[in-house]
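Okay, so here's the structure we're looking at.
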Amino acid sequence: MGQRIPEETVEHIRRSVDIVDIIQQYVSLKKQGRNYFGLCPFHGEKTPSFSVSPEKQIYHCFGCGAGGNVFSFLMEIEGITFIEAVKRLAPRANVDLSDVVDDHPSAKRTETAVMVAAHELLKKFYHHLLMHTNEGEEALNYLLQRGFTLEIIEQFEIGYALPSWDAAVTFLANKGFSLPLMERAGLIAKKSGEESYFDRFRHRIMFPIHNHQGETVAFSGRTLGNEDPKYVNSPETPIFNKRNILYHFHEARLPMRQKQQVVLLEGFADVIAAVRAGITHAVATMGTALSEEQARMLRRNASSVIVCYDGDRAGIDAALRASETLVEAGCYVKVAMMPDGLDPDEYVRRYGADRFRHHVLDASLSLTAFKLEYLKRGRHLQNESERLRYIEEAVKEISRLSNAIEADYYLRQLADEFSISMDALREQMAVYGKKQQVERKKEHRETVLPPTKSKLLPAFQKAERMLIAHMLRDKTIAFTVQQAIEGAFNIEEHRAIVAYVYAFYEEGHEPDVSSLLERIHDPQLKRTVTELAMMPINENISSAELQDYIQCVLNYPQEQLLKQKEAQLREAERQKDYERAKRIASEIIALRKSLHFGRRGING
């Protein structure tokens, strides 16, 4: 049975950690006024709507509504429990929670934790075999001959899998791991029609693959020669999804944020070559096309991406697709052209690190320049019809640019290259521009619903929100509201929030939204609290303004009752029921007097 973490320990950890420092490990933040802003990690967006308050130690997304304190951020982004979040932050506060066990981890989370633990252990086993055994000597020499240094081998934790059919099976079984679970983790496989297992990776150099938190979740095994298949990769498992992971991301995250740039490569061998060349902000896809999630992940951490794929036809096609996905995610994209059909790994080995940095990465093209070069591929531009067709397609591509200066720049390049007048090119570009406008309008009509005007909040609801916003910042205001209204807020969610606020202050706490959030377990209530806490308000609220809000909240039920009575009066008059009409009219007069007296009390 795990032990409970004392509340004062949780509070100490929370106060010792700066939420901005933690969130900056996942989101690139920029300071604007009091707060920091960035792209929300919980939903796709191109314009930053994610706000972090160092003063209140909370975050809130004005787009999707996500919000909370440092613990809830880790819980949501990592998919971990509260206990796990507290334990992860404990070392920053010099608190040892190693003996604390989560009493309520889900079965799924327990299984994935075991899978990760098995990968971590097997990684160390493979690395030991490569570096410290006679069996690994051949593989080590192979790597050293290919330009790998011992430092790089250590940094990337490269290992070696024995030729044996059951070395990993025996190793994992001896360590107490369930073999059926290890099969689901992708580390071993089952013989067809039998109950016995065998190693998935045999006589291969092993490259561990980490998730974005640095945990080993998969492997890629390469032969020592040119046998087929050259690479054997882990299958997709509960802890490894190729579309959600970028190789080397956990190490590249900090340098890419510092440079606000990332170099995107196709494979892990290219990343290792780039790191050997001093390019620490390099990442790679996992053998699949760049996904939208991966593109958004890059955009959250860097504004600019250099796409550096293989120089063959397939690599160039893939670079174009990846570039378009990155542009959709809001990235500024450049493309590095690899010469002679080489991949980055081959280029670095053949020409060296300096040439790779200066002749490839520094010479990368803007996306438009790359597309124009791409359109030339396979064309015989000496042939008149081929040349004209290229010019037409180039003008069509340039017409898609929204920046007039950029469009003019490429048109002039085209005019100079093919001795064509700028007037002719501009005229043709205008034709394509009109066609694209028509297509965009048609697309918009077919796919977009008519815009709806944002609904203005009723006065009473706005008043309740303003009161809570002030109560979160000021204990005296909270007690003033409690005395006047108590729990008589008209919206159920607001009633629940103020109950937490009253209790929080009655326990003797000072205003601290981040601490208050620890007492609220409902995720939706947490989101609303962070939204209200981030609302811009007049912090020097006058007594009259405060009383106006209070009276607006108190008057709402009577105003609703007045509307009902007025409707009943009209119905009684329509039915010529004069006695009933007279009685209702008296009730209306009394209600109006009551409301009028309330307003006079506020203003006078």
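The values are calculated or read from the model by the stated rules, or taken from the named source; none is laboratory data. Keep in mind that this is a model prediction, so the values were computed, not measured. Cβ atoms come from the backbone with ideal geometry, glycine included; neighbour counts cover every protein chain shown. These accessible areas exclude ligands, DNA and RNA; they are computed on the full protein's heavy atoms, side chains included. Shrake-Rupley method; radii C 1.70, N 1.55, O 1.52, S 1.80 Å.
Before moving on, here are some points about what is shown:
- Close pairs from the stretch 3-21: first more than 13 Å from K87 (Cβ to Cβ), partner not aliphatic (A, V, I, L, M), Cβ under 6 Å, at least 6 apart: I19/Q57; V20/Y36; V20/P54
- Count - residues of the stretch 178-205 that are surrounded by 17 or more Cβ atoms within 10 Å (Cβ to Cβ) and over 20 Å from K124 (Cα atoms): 1
- D577 vs. criteria of a type in the set (D, E), open to solvent by less than 100 Å² (accessible area, probe 1.4 Å) and at pLDDT below 80: yes
- Contacts under 7 angstrom Cβ, first residue in the stretch 259-283 being farther than 19 Å from N301 by Cα and in a helix (DSSP H, G or I), partner open to solvent by 10 Å² or more (accessible area, probe 1.4 Å) and among the charged types (D, E, K, R), 6 or more apart: A269/D345; D270/D343; D270/D345; A273/D345
- The set of residues in the stretch 228-257 being touching a residue at least 24 places away in the same chain (Cβ under 8 Å) and basic (K, R) consists of K242, R243, R253, R257.
- So S51, is it closer than 20 Å to V95 by Cβ and among the small types (G, A, S): no
- All conditions in (1) under 20 Å from Q294 (Cβ atoms); (2) at pLDDT 95 or above; (3) out of contact with any strand residue (DSSP E or B) (no Cβ under 9 Å at 6 or more places or on another chain) hold for T216, with the sole exception of (3).
- Identity of the residue in the stretch 85-144, at pLDDT 90 or above, small (G, A, S) and closer than 25 Å to E518 by Cα, that ends up farthest from the chain's Cα centre (by Cα): A93
- Scan of the stretch 497-524 for residues that are within 29 Å of the chain's Cα centre (by Cα) and either basic (K, R) or open to solvent by less than 20 Å² (accessible area, probe 1.4 Å) (or both), ordered by number: I497, V513, S514, S515, L516, L517, R519, I520
- Of the candidates A484, A469, A463, A459, the single residue that is farther than 22 Å from Y59 by Cα, hydrophobic (A, V, I, L, M, F, W, C), open to solvent by less than 30 Å² (accessible area, probe 1.4 Å) and touching a residue at least 12 places away in the same chain (Cβ under 8 Å) is A463.
- Filtered residue count, the stretch 304-351, keeping only those that are open to solvent by 20 Å² or more (accessible area, probe 1.4 Å), in contact (Cβ under 8 Å) with a residue 60 or more places away in the chain and either closer than 30 Å to E45 by Cβ or part of a strand (DSSP E or B) (or both): 1
- In a residue-by-residue description of the stretch 105-120, the property of being out of contact with any Pro (no Cβ under 8 Å at 6 or more places or on another chain), outside any helix (DSSP H, G or I) and surrounded by 19 or more Cβ atoms within 10 Å (Cβ to Cβ) applies to no position.
- Considered as a group, the residues in the stretch 228-258 that are of a type in the set (A, V, I, L, M, F, W, C) and in a loop (DSSP other than H, G, I, E, B) include one that is most open to solvent (accessible area, probe 1.4 Å), and that residue is I239.
- Pairs where the first residue, in the stretch 176-196, is free of Cβ contacts under 8 Å to residues at least 40 places away in the same chain and the second is part of a loop (DSSP other than H, G, I, E, B), C-beta under 8 Å, 6+ apart: I188/R200; A189/R200; K190/S196
- Residues in the stretch 352-363 that are closer than 23 Å to K376 by Cα and in a loop (DSSP other than H, G, I, E, B): 2 in all.
- Selection status of G221, under 21 Å from L179 (Cβ atoms) and not polar (S, T, N, Q): yes
- If you check L401, L361, L375, L365 for being open to solvent by 30 Å² or more (accessible area, probe 1.4 Å), closer than 16 Å to V307 by Cα and touching a residue at least 12 places away in the same chain (Cβ under 8 Å), only one passes: L365.
Here is a yes/no grid of residues against (1) open to solvent by 50 Å² or more (accessible area, probe 1.4 Å); (2) part of a loop (DSSP other than H, G, I, E, B); (3) hydroxyl-bearing (S, T, Y); (4) touching a Gly at 6+ places or on another chain (Cβ under 7 Å):
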position: V10; (1), (2), (3), (4): no, no, no, no
position: R14; (1), (2), (3), (4): no, no, no, no
position: V27; (1), (2), (3), (4): no, yes, no, yes
position: K56; (1), (2), (3), (4): no, yes, no, no
position: Y59; (1), (2), (3), (4): no, no, yes, yes
position: F73; (1), (2), (3), (4): no, no, no, no
position: A90; (1), (2), (3), (4): no, no, no, no
position: D99; (1), (2), (3), (4): yes, yes, no, no
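- Screening E545, E559 for residues that are closer than 30 Å to S515 by Cβ, within 49 Å of the chain's Cα centre (by Cα) and open to solvent by 30 Å² or more (accessible area, probe 1.4 Å) leaves exactly one candidate, E545.
- Of everything in the stretch 281-297 that is in contact with a Phe, Trp or Tyr (Cβ under 9 Å, 6 or more places away or on another chain) and among the β-branched types (V, I, T), the residue that is surrounded by the most Cβ atoms within 10 Å (Cβ to Cβ) is V283.
- Residue in the stretch 206-227 that is surrounded by the fewest Cβ atoms within 10 Å (Cβ to Cβ), counting only those that are out of contact with any Ser or Thr (no Cβ under 8 Å at 6 or more places or on another chain) and closer than 17 Å to L122 by Cβ: G214
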